[in-house]
Amino acid sequence: MTRRPSEDGAPPEAVCEAPPETGREAPPEAVRDALPEAVRERALAVAPPAYVYDLAGLRAHAAAVRAAIPVELYYAAKANPDPRLLDALAPHVDGVEVSSGGELAHVRAVLPGVRTAFGGPGKTDEELAAAVGGRPPVHRLHVESPHELRRLAALRRETDVLLRINLPVAISGAALRMSGPFGMDSEALGACLDLLERAPWIRLRGLHAHLASGLAAGPLLEVAAQVLGWARTWMEGPEEVTLGGGMAVDYRGPGARFDWAAYGAGLASLRRPGETLRIEPGRALTAYCGWYVTDVLDVKRSHGEWYAVLRGGTHHLRTPVTKGHDQPFTVLRSGGGGPVASGPVTLVGQLCTPKDVFARQVPVDRLAVGDVVAFALAGAYAWNISHHDFLMHPKPAFAYVDH
Ligand SMILES: *Cc1c(COP(=O)(O)O)cnc(C)c1O
(Lines give C-alpha, C1' and ligand atoms only; values in the text may rest on other atoms or scores of the structure.)
Protein backbone atom coordinates (compact mmCIF):
# COMPACT_ATOMS: atom_id res chain seq x y z
CA MET A 1 0.00 0.00 0.00
CA THR A 2 1.26 3.44 -0.79
CA ARG A 3 0.97 5.93 1.99
CA ARG A 4 1.45 9.61 1.74
CA PRO A 5 2.03 11.68 4.85
CA SER A 6 -1.12 13.14 6.29
CA GLU A 7 -1.62 16.84 5.93
CA ASP A 8 -2.85 19.27 8.55
CA GLY A 9 -2.44 16.66 11.26
CA ALA A 10 -5.53 14.86 9.99
CA PRO A 11 -5.37 11.08 9.81
CA PRO A 12 -4.31 9.53 6.52
CA GLU A 13 -7.07 7.47 4.94
CA ALA A 14 -4.91 4.40 4.63
CA VAL A 15 -7.62 2.23 3.21
CA CYS A 16 -8.88 4.87 0.84
CA GLU A 17 -5.53 6.33 -0.11
CA ALA A 18 -4.46 6.03 -3.70
CA PRO A 19 -1.87 7.50 -6.00
CA PRO A 20 -3.07 10.64 -7.77
CA GLU A 21 -5.10 9.95 -10.86
CA THR A 22 -3.71 11.60 -13.92
CA GLY A 23 -5.55 12.74 -16.97
CA ARG A 24 -8.45 15.02 -17.59
CA GLU A 25 -11.25 15.82 -15.21
CA ALA A 26 -14.88 15.05 -15.93
CA PRO A 27 -16.47 17.48 -18.41
CA PRO A 28 -19.17 19.60 -16.65
CA GLU A 29 -21.88 18.43 -19.05
CA ALA A 30 -21.23 14.80 -18.02
CA VAL A 31 -21.82 15.80 -14.41
CA ARG A 32 -24.90 17.81 -15.32
CA ASP A 33 -26.33 14.83 -17.20
CA ALA A 34 -25.73 12.56 -14.21
CA LEU A 35 -27.70 14.86 -11.89
CA PRO A 36 -31.31 13.73 -11.38
CA GLU A 37 -33.89 16.52 -11.64
CA ALA A 38 -35.25 15.89 -8.13
CA VAL A 39 -31.74 16.22 -6.71
CA ARG A 40 -31.20 19.47 -8.61
CA GLU A 41 -34.43 20.93 -7.22
CA ARG A 42 -33.57 19.95 -3.69
CA ALA A 43 -29.98 21.14 -4.04
CA LEU A 44 -31.24 24.59 -5.06
CA ALA A 45 -33.69 24.70 -2.16
CA VAL A 46 -31.28 23.95 0.72
CA ALA A 47 -28.90 26.48 2.19
CA PRO A 48 -25.34 25.64 1.17
CA PRO A 49 -23.17 23.88 2.05
CA ALA A 50 -25.22 20.69 2.06
CA TYR A 51 -25.06 17.04 1.25
CA VAL A 52 -27.97 15.90 -0.86
CA TYR A 53 -28.52 12.15 -0.97
CA ASP A 54 -30.59 10.53 -3.70
CA LEU A 55 -32.23 7.62 -1.86
CA ALA A 56 -34.41 6.62 -4.81
CA GLY A 57 -31.33 6.52 -7.03
CA LEU A 58 -29.48 4.47 -4.43
CA ARG A 59 -32.36 1.97 -4.22
CA ALA A 60 -32.50 1.59 -8.00
CA HIS A 61 -28.72 1.17 -8.24
CA ALA A 62 -28.59 -1.37 -5.41
CA ALA A 63 -31.47 -3.33 -6.97
CA ALA A 64 -29.60 -3.45 -10.30
CA VAL A 65 -26.41 -4.62 -8.59
CA ARG A 66 -28.38 -7.23 -6.65
CA ALA A 67 -29.95 -8.52 -9.86
CA ALA A 68 -26.55 -8.82 -11.57
CA ILE A 69 -24.70 -10.55 -8.74
CA PRO A 70 -25.33 -14.29 -8.27
CA VAL A 71 -23.46 -14.52 -4.95
CA GLU A 72 -24.00 -13.08 -1.47
CA LEU A 73 -23.78 -9.31 -1.37
CA TYR A 74 -22.70 -7.39 1.73
CA TYR A 75 -22.33 -3.62 1.94
CA ALA A 76 -19.07 -2.32 3.46
CA ALA A 77 -20.44 0.22 5.95
CA LYS A 78 -17.24 2.21 6.17
CA ALA A 79 -17.93 3.70 2.72
CA ASN A 80 -20.89 5.57 4.24
CA PRO A 81 -22.70 4.51 7.42
CA ASP A 82 -25.48 7.15 7.15
CA PRO A 83 -28.59 5.48 8.68
CA ARG A 84 -30.86 6.58 5.82
CA LEU A 85 -28.48 5.00 3.30
CA LEU A 86 -28.19 1.78 5.32
CA ASP A 87 -31.95 1.63 5.49
CA ALA A 88 -32.30 2.12 1.71
CA LEU A 89 -29.69 -0.56 1.00
CA ALA A 90 -31.00 -3.14 3.47
CA PRO A 91 -33.61 -4.83 1.21
CA HIS A 92 -31.00 -5.31 -1.52
CA VAL A 93 -28.10 -6.81 0.43
CA ASP A 94 -27.56 -10.02 2.38
CA GLY A 95 -25.65 -8.29 5.13
CA VAL A 96 -23.32 -5.50 6.17
CA GLU A 97 -19.55 -5.68 6.59
CA VAL A 98 -18.25 -3.64 9.53
CA SER A 99 -14.70 -2.71 10.39
CA SER A 100 -14.93 -1.60 14.01
CA GLY A 101 -16.90 -2.04 17.20
CA GLY A 102 -18.37 1.40 16.57
CA GLU A 103 -19.66 0.41 13.14
CA LEU A 104 -20.97 -2.86 14.57
CA ALA A 105 -22.98 -1.10 17.30
CA HIS A 106 -24.26 1.47 14.80
CA VAL A 107 -25.37 -1.11 12.23
CA ARG A 108 -27.05 -3.24 14.91
CA ALA A 109 -28.96 -0.18 16.09
CA VAL A 110 -29.99 1.01 12.61
CA LEU A 111 -30.79 -2.40 11.14
CA PRO A 112 -31.69 -4.72 14.04
CA GLY A 113 -31.23 -8.35 13.11
CA VAL A 114 -29.19 -7.69 9.96
CA ARG A 115 -26.37 -10.11 9.25
CA THR A 116 -22.94 -8.66 9.87
CA ALA A 117 -19.39 -9.63 9.06
CA PHE A 118 -16.73 -8.02 11.21
CA GLY A 119 -13.26 -7.51 9.71
CA GLY A 120 -10.35 -5.15 10.09
CA PRO A 121 -6.97 -5.15 11.82
CA GLY A 122 -6.41 -4.42 15.51
CA LYS A 123 -9.68 -5.62 16.98
CA THR A 124 -9.63 -5.09 20.72
CA ASP A 125 -10.77 -7.65 23.30
CA GLU A 126 -13.81 -5.45 23.88
CA GLU A 127 -14.66 -5.46 20.17
CA LEU A 128 -14.28 -9.23 19.95
CA ALA A 129 -16.54 -9.67 22.98
CA ALA A 130 -19.14 -7.32 21.49
CA ALA A 131 -18.97 -9.20 18.19
CA VAL A 132 -19.63 -12.66 19.61
CA GLY A 133 -21.74 -11.65 22.61
CA GLY A 134 -23.99 -8.92 21.16
CA ARG A 135 -27.41 -9.41 19.62
CA PRO A 136 -27.31 -10.85 17.11
CA PRO A 137 -23.76 -12.24 17.22
CA VAL A 138 -21.78 -11.45 14.09
CA HIS A 139 -22.54 -13.84 11.25
CA ARG A 140 -18.87 -14.02 10.29
CA LEU A 141 -15.76 -12.79 12.05
CA HIS A 142 -12.82 -12.16 9.73
CA VAL A 143 -9.68 -13.17 11.61
CA GLU A 144 -6.68 -10.98 10.85
CA SER A 145 -3.88 -12.70 12.81
CA PRO A 146 -3.10 -15.75 14.98
CA HIS A 147 -2.91 -13.49 18.04
CA GLU A 148 -6.42 -12.22 17.32
CA LEU A 149 -7.68 -15.79 16.95
CA ARG A 150 -6.07 -16.74 20.27
CA ARG A 151 -7.91 -13.89 22.01
CA LEU A 152 -11.15 -14.82 20.28
CA ALA A 153 -10.78 -18.45 21.38
CA ALA A 154 -10.28 -17.31 24.98
CA LEU A 155 -13.87 -15.96 24.96
CA ARG A 156 -15.12 -19.55 24.53
CA ARG A 157 -18.12 -18.51 22.43
CA GLU A 158 -19.37 -20.35 19.36
CA THR A 159 -18.20 -18.25 16.44
CA ASP A 160 -18.07 -18.70 12.67
CA VAL A 161 -14.85 -17.32 11.25
CA LEU A 162 -13.18 -16.68 7.95
CA LEU A 163 -9.41 -16.38 7.92
CA ARG A 164 -8.31 -13.27 6.07
CA ILE A 165 -5.61 -14.09 3.56
CA ASN A 166 -3.06 -11.77 2.06
CA LEU A 167 -2.03 -13.48 -1.14
CA PRO A 168 0.73 -12.17 -3.37
CA VAL A 169 -1.57 -12.13 -6.41
CA ALA A 170 -0.73 -10.28 -9.59
CA ILE A 171 -2.90 -7.18 -9.79
CA SER A 172 -2.64 -4.76 -12.64
CA GLY A 173 -4.25 -1.35 -12.56
CA ALA A 174 -5.30 -1.31 -8.92
CA ALA A 175 -5.67 2.14 -7.37
CA LEU A 176 -4.63 0.61 -4.09
CA ARG A 177 -3.14 -2.71 -3.08
CA MET A 178 -4.03 -3.99 0.34
CA SER A 179 -0.95 -5.45 1.92
CA GLY A 180 1.01 -4.87 5.11
CA PRO A 181 -1.16 -5.26 8.20
CA PHE A 182 -4.20 -6.70 6.40
CA GLY A 183 -4.72 -10.45 6.57
CA MET A 184 -2.21 -13.25 6.84
CA ASP A 185 0.29 -15.13 4.72
CA SER A 186 0.43 -18.94 4.64
CA GLU A 187 2.67 -19.26 7.68
CA ALA A 188 0.23 -17.39 9.91
CA LEU A 189 -2.68 -19.39 8.44
CA GLY A 190 -0.89 -22.57 9.56
CA ALA A 191 -0.62 -21.18 13.07
CA CYS A 192 -4.37 -20.45 12.99
CA LEU A 193 -5.13 -24.06 12.03
CA ASP A 194 -3.15 -25.29 15.04
CA LEU A 195 -5.13 -22.97 17.29
CA LEU A 196 -8.46 -24.03 15.77
CA GLU A 197 -7.76 -27.68 16.56
CA ARG A 198 -7.68 -26.80 20.23
CA ALA A 199 -10.73 -24.51 20.06
CA PRO A 200 -13.59 -26.55 18.57
CA TRP A 201 -16.15 -23.85 19.52
CA ILE A 202 -14.72 -21.78 16.70
CA ARG A 203 -15.87 -22.98 13.30
CA LEU A 204 -13.67 -22.28 10.33
CA ARG A 205 -16.08 -21.53 7.47
CA GLY A 206 -13.60 -20.43 4.86
CA LEU A 207 -11.40 -17.59 3.71
CA HIS A 208 -11.70 -13.86 3.24
CA ALA A 209 -9.73 -11.74 0.79
CA HIS A 210 -9.86 -8.04 -0.01
CA LEU A 211 -6.71 -7.52 -2.00
CA ALA A 212 -7.09 -4.37 -4.05
CA SER A 213 -9.40 -1.49 -4.79
CA GLY A 214 -10.26 0.59 -7.80
CA LEU A 215 -10.46 -2.33 -10.22
CA ALA A 216 -12.67 -2.82 -13.27
CA ALA A 217 -14.66 -6.05 -13.63
CA GLY A 218 -12.05 -7.88 -15.75
CA PRO A 219 -9.06 -7.42 -13.42
CA LEU A 220 -11.25 -7.98 -10.36
CA LEU A 221 -12.36 -11.33 -11.80
CA GLU A 222 -8.72 -12.25 -12.42
CA VAL A 223 -8.01 -11.58 -8.76
CA ALA A 224 -11.08 -13.65 -7.78
CA ALA A 225 -9.87 -16.54 -9.92
CA GLN A 226 -6.47 -16.46 -8.25
CA VAL A 227 -7.99 -16.27 -4.77
CA LEU A 228 -10.38 -19.16 -5.46
CA GLY A 229 -7.65 -21.27 -7.04
CA TRP A 230 -5.49 -20.78 -4.00
CA ALA A 231 -8.35 -21.31 -1.54
CA ARG A 232 -9.37 -24.59 -3.15
CA THR A 233 -5.93 -26.10 -2.78
CA TRP A 234 -5.45 -24.76 0.74
CA MET A 235 -8.77 -25.90 2.22
CA GLU A 236 -10.20 -29.02 0.78
CA GLY A 237 -13.53 -27.77 -0.51
CA PRO A 238 -13.74 -24.37 1.14
CA GLU A 239 -17.28 -23.78 2.21
CA GLU A 240 -17.05 -20.07 1.79
CA VAL A 241 -14.89 -17.43 0.22
CA THR A 242 -15.47 -13.70 0.59
CA LEU A 243 -13.85 -11.88 -2.29
CA GLY A 244 -13.92 -8.36 -0.82
CA GLY A 245 -14.88 -5.07 -2.42
CA GLY A 246 -12.79 -2.67 -4.45
CA MET A 247 -15.04 -2.19 -7.49
CA ALA A 248 -13.84 0.92 -9.31
CA VAL A 249 -15.59 4.27 -9.33
CA ASP A 250 -14.45 6.47 -12.20
CA TYR A 251 -14.16 10.00 -10.86
CA ARG A 252 -13.51 11.29 -14.37
CA GLY A 253 -16.74 9.80 -15.70
CA PRO A 254 -19.66 10.39 -13.33
CA GLY A 255 -22.02 8.58 -15.73
CA ALA A 256 -19.80 5.47 -15.94
CA ARG A 257 -20.53 2.43 -13.79
CA PHE A 258 -18.60 -0.67 -12.81
CA ASP A 259 -19.72 -3.50 -15.12
CA TRP A 260 -21.77 -5.47 -12.60
CA ALA A 261 -23.29 -7.69 -15.30
CA ALA A 262 -19.87 -8.83 -16.53
CA TYR A 263 -18.63 -9.28 -12.98
CA GLY A 264 -21.73 -11.26 -12.01
CA ALA A 265 -21.44 -13.51 -15.06
CA GLY A 266 -17.75 -14.06 -14.29
CA LEU A 267 -18.52 -14.98 -10.68
CA ALA A 268 -21.22 -17.41 -11.82
CA SER A 269 -18.72 -19.22 -14.02
CA LEU A 270 -16.02 -19.25 -11.32
CA ARG A 271 -18.26 -20.67 -8.62
CA ARG A 272 -18.32 -24.42 -8.02
CA PRO A 273 -21.34 -26.30 -6.70
CA GLY A 274 -21.60 -26.20 -2.94
CA GLU A 275 -19.45 -23.13 -2.52
CA THR A 276 -20.70 -19.94 -0.93
CA LEU A 277 -19.16 -16.85 -2.46
CA ARG A 278 -19.64 -13.36 -1.11
CA ILE A 279 -18.60 -9.86 -2.13
CA GLU A 280 -18.58 -6.71 0.01
CA PRO A 281 -18.50 -3.53 -2.08
CA GLY A 282 -18.63 -0.11 -0.46
CA ARG A 283 -17.62 2.75 -2.75
CA ALA A 284 -19.29 1.44 -5.92
CA LEU A 285 -22.64 1.10 -4.12
CA THR A 286 -22.99 4.52 -2.50
CA ALA A 287 -20.62 6.92 -4.32
CA TYR A 288 -23.23 7.89 -6.94
CA CYS A 289 -26.06 8.80 -4.58
CA GLY A 290 -24.30 11.69 -2.81
CA TRP A 291 -23.89 15.32 -3.93
CA TYR A 292 -22.05 18.06 -2.06
CA VAL A 293 -23.65 21.38 -2.87
CA THR A 294 -22.14 24.74 -2.07
CA ASP A 295 -21.71 28.26 -3.43
CA VAL A 296 -18.89 30.51 -4.56
CA LEU A 297 -17.88 33.11 -1.96
CA ASP A 298 -15.02 34.76 -3.80
CA VAL A 299 -13.27 34.68 -7.14
CA LYS A 300 -9.78 36.03 -7.58
CA ARG A 301 -6.59 35.85 -9.54
CA SER A 302 -3.40 34.90 -7.82
CA HIS A 303 -0.02 34.63 -9.58
CA GLY A 304 -1.85 34.58 -12.88
CA GLU A 305 -4.29 31.81 -11.95
CA TRP A 306 -8.02 31.92 -11.24
CA TYR A 307 -9.28 30.68 -7.88
CA ALA A 308 -12.87 30.23 -6.77
CA VAL A 309 -13.30 30.09 -3.00
CA LEU A 310 -16.31 27.98 -2.04
CA ARG A 311 -18.30 27.85 1.19
CA GLY A 312 -17.20 24.76 3.13
CA GLY A 313 -14.20 22.80 1.95
CA THR A 314 -12.41 19.50 2.11
CA HIS A 315 -13.25 19.27 5.84
CA HIS A 316 -16.69 18.35 4.46
CA LEU A 317 -15.58 16.55 1.29
CA ARG A 318 -12.13 15.11 1.73
CA THR A 319 -12.37 12.65 -1.16
CA PRO A 320 -10.42 14.67 -3.76
CA VAL A 321 -7.54 15.17 -1.32
CA THR A 322 -7.29 11.52 -0.29
CA LYS A 323 -7.70 10.20 -3.82
CA GLY A 324 -5.67 12.93 -5.50
CA HIS A 325 -8.27 13.68 -8.15
CA ASP A 326 -10.42 16.59 -9.29
CA GLN A 327 -13.89 16.13 -7.84
CA PRO A 328 -16.34 16.38 -10.76
CA PHE A 329 -18.83 19.23 -10.48
CA THR A 330 -21.48 21.17 -12.32
CA VAL A 331 -22.81 24.69 -11.84
CA LEU A 332 -26.47 24.55 -10.77
CA ARG A 333 -27.24 28.25 -10.78
CA SER A 334 -25.38 31.36 -11.77
CA GLY A 335 -24.94 33.97 -9.10
CA GLY A 336 -25.17 37.70 -9.25
CA GLY A 337 -22.46 40.30 -9.51
CA GLY A 338 -18.88 40.23 -8.44
CA PRO A 339 -15.79 38.89 -10.13
CA VAL A 340 -16.04 36.17 -12.75
CA ALA A 341 -13.42 33.57 -13.62
CA SER A 342 -13.12 32.07 -17.06
CA GLY A 343 -10.67 29.53 -18.39
CA PRO A 344 -8.79 27.24 -16.00
CA VAL A 345 -9.97 27.79 -12.42
CA THR A 346 -9.01 26.06 -9.18
CA LEU A 347 -11.90 25.40 -6.78
CA VAL A 348 -10.87 25.67 -3.14
CA GLY A 349 -12.61 25.75 0.24
CA GLN A 350 -12.40 28.00 3.29
CA LEU A 351 -9.57 26.21 5.10
CA CYS A 352 -6.26 27.97 5.73
CA THR A 353 -4.19 25.38 3.92
CA PRO A 354 -3.14 25.14 0.28
CA LYS A 355 -4.35 21.54 0.34
CA ASP A 356 -8.00 22.53 0.62
CA VAL A 357 -8.59 21.93 -3.09
CA PHE A 358 -11.64 20.30 -4.71
CA ALA A 359 -10.44 20.53 -8.30
CA ARG A 360 -7.44 22.10 -10.00
CA GLN A 361 -7.34 24.27 -13.12
CA VAL A 362 -10.61 23.08 -14.56
CA PRO A 363 -11.58 24.88 -17.76
CA VAL A 364 -14.89 26.72 -17.31
CA ASP A 365 -16.78 29.21 -19.43
CA ARG A 366 -17.51 31.27 -16.35
CA LEU A 367 -17.58 30.79 -12.61
CA ALA A 368 -18.81 33.73 -10.56
CA VAL A 369 -19.46 34.78 -6.99
CA GLY A 370 -22.84 33.41 -5.93
CA ASP A 371 -22.81 30.47 -8.32
CA VAL A 372 -24.15 27.27 -6.79
CA VAL A 373 -21.93 24.28 -7.47
CA ALA A 374 -22.73 20.57 -7.02
CA PHE A 375 -19.93 18.05 -6.65
CA ALA A 376 -20.80 14.56 -7.84
CA LEU A 377 -19.71 11.14 -6.53
CA ALA A 378 -19.85 12.37 -2.95
CA GLY A 379 -21.78 9.45 -1.49
CA ALA A 380 -18.83 7.28 -0.39
CA TYR A 381 -15.69 8.06 1.60
CA ALA A 382 -16.77 11.70 1.63
CA TRP A 383 -18.41 13.31 4.69
CA ASN A 384 -17.54 10.40 6.99
CA ILE A 385 -13.78 10.51 6.27
CA SER A 386 -13.51 14.30 6.52
CA HIS A 387 -11.93 16.29 9.36
CA HIS A 388 -15.08 18.21 10.29
CA ASP A 389 -13.78 20.21 13.20
CA PHE A 390 -10.73 21.75 11.60
CA LEU A 391 -11.26 25.56 11.70
CA MET A 392 -14.68 25.20 13.35
CA HIS A 393 -16.74 26.18 10.31
CA PRO A 394 -20.44 25.23 10.38
CA LYS A 395 -21.38 21.69 9.46
CA PRO A 396 -23.23 21.13 6.18
CA ALA A 397 -26.95 20.44 6.05
CA PHE A 398 -28.13 16.97 5.04
CA ALA A 399 -31.06 16.53 2.68
CA TYR A 400 -32.55 13.28 1.42
CA VAL A 401 -34.42 13.00 -1.85
CA ASP A 402 -36.82 10.11 -2.15
CA HIS A 403 -38.75 10.79 -5.32
C1 LIG B 1 -12.98 -1.12 2.67
C2 LIG B 1 -13.29 -2.54 2.54
C3 LIG B 1 -14.24 -2.99 1.63
C4 LIG B 1 -14.96 -2.07 0.68
O5 LIG B 1 -14.07 -1.56 -0.25
P6 LIG B 1 -14.61 -0.60 -1.43
O7 LIG B 1 -13.37 -0.20 -2.15
O8 LIG B 1 -15.29 0.54 -0.78
O9 LIG B 1 -15.53 -1.41 -2.27
C10 LIG B 1 -14.53 -4.33 1.60
N11 LIG B 1 -13.89 -5.20 2.42
C12 LIG B 1 -12.96 -4.81 3.30
C13 LIG B 1 -12.30 -5.81 4.16
C14 LIG B 1 -12.61 -3.46 3.39
O15 LIG B 1 -11.68 -3.08 4.25
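The values are calculated or read from the model by the stated rules, or taken from the named source; none is laboratory data. These figures come from a predicted structure and were not determined experimentally. A quick note on method: Cβ atoms are made from the backbone with ideal geometry, for glycine too, and the neighbour counts reach across all protein chains shown. For accessibility, only protein heavy atoms count, side chains too; no ligands or nucleic acids. Shrake-Rupley method; radii C 1.70, N 1.55, O 1.52, S 1.80 Å.
The H on the amide N of A397, modeled in the peptide plane, is under 5 Å from the matching H of A50, Y51, each at least 5 residues off or on a different chain. On the principal axes of its alpha carbon atoms, region 288-401 extends 34, 31, 24 Å, with the longest extent given first. Taken about its Cα centre, region 199-355 carries a charge dipole of about 260 debye when Lys and Arg each add +1 at the Cβ and Asp and Glu each add -1 at the Cβ.
Compute the Kirkwood hydrodynamic radius of region 55-287, taking the inverse of the mean of 1/r over all pairs of distinct Cα atoms, and give it in Å to one decimal.
The Cα-based Kirkwood calculation yields 17.9 Å.
Charge dipole (Cα centre; +1 on Lys/Arg Cβ, -1 on Asp/Glu Cβ; no other charges) of region 288-401 amounts to roughly 80 debye.
Counting only DSSP beta bridges whose two residues both lie in region 55-287, roughly 5 percent are antiparallel. Quick note on region 116-195: its Rg to Rh ratio, both from C-alpha atoms and Rh being the Kirkwood radius, is 1.01.
Each label was represented as a point 7 Å from its Cα along the Cα-to-Cβ direction; for V46 and D125 these points are 4.3 nm apart.
Region 111-140 and region 218-265 have Cα centres spaced 24 Å apart. For the chain, what % of the accessible area comes from carbon and sulfur atoms, probe 1.4 Å? The C+S portion of the solvent-accessible surface of the chain is 53 percent.
Averaged per residue, what accessible surface does region 55-287 expose to a 1.4 Å probe, in Å²?
On the way: 8930 Å² over 233 residues.
In whole numbers, region 55-287 has 38 Å² accessible per residue.
When the charge dipole of the chain is built from unit charges on Cβ atoms (+1 for Lys and Arg, -1 for Asp and Glu) and taken about the Cα centre, the candidate among T242, S145, V114 whose Cα reaches farthest toward its positive end is V114.
Residues whose amide H lies under 5 Å from that of G282, counting only those 5 or more places away or on a different chain, are A76, G246, M247; hydrogens are built 1.01 Å from N in the peptide plane. For the chain, the relative contact order is 22 percent, taking Cα pairs closer than 8 Å that sit 6 or more residues apart in sequence and dividing their mean separation by the residue count.
When only the Cβ of Lys, Arg, Asp and Glu is charged (+1, +1, -1, -1), the dipole of the chain relative to its Cα centre reaches about 180 debye. Whole-Hz Karplus values for region 337-342 come out as x, x, x, 10, 9, 9 Hz, taken residue by residue from phi with 6.51 cos²θ - 1.76 cosθ + 1.60 and θ = phi - 60°; glycine and proline positions read x.
Summarising the amide proton neighbourhood of Q327: residues at separation of 5 or more, or on other chains, whose placed amide H is nearer than 5 Å comprise A359. With the convex hull drawn around the C-alpha atoms of region 334-403, the volume per residue stands at 148 Å³.
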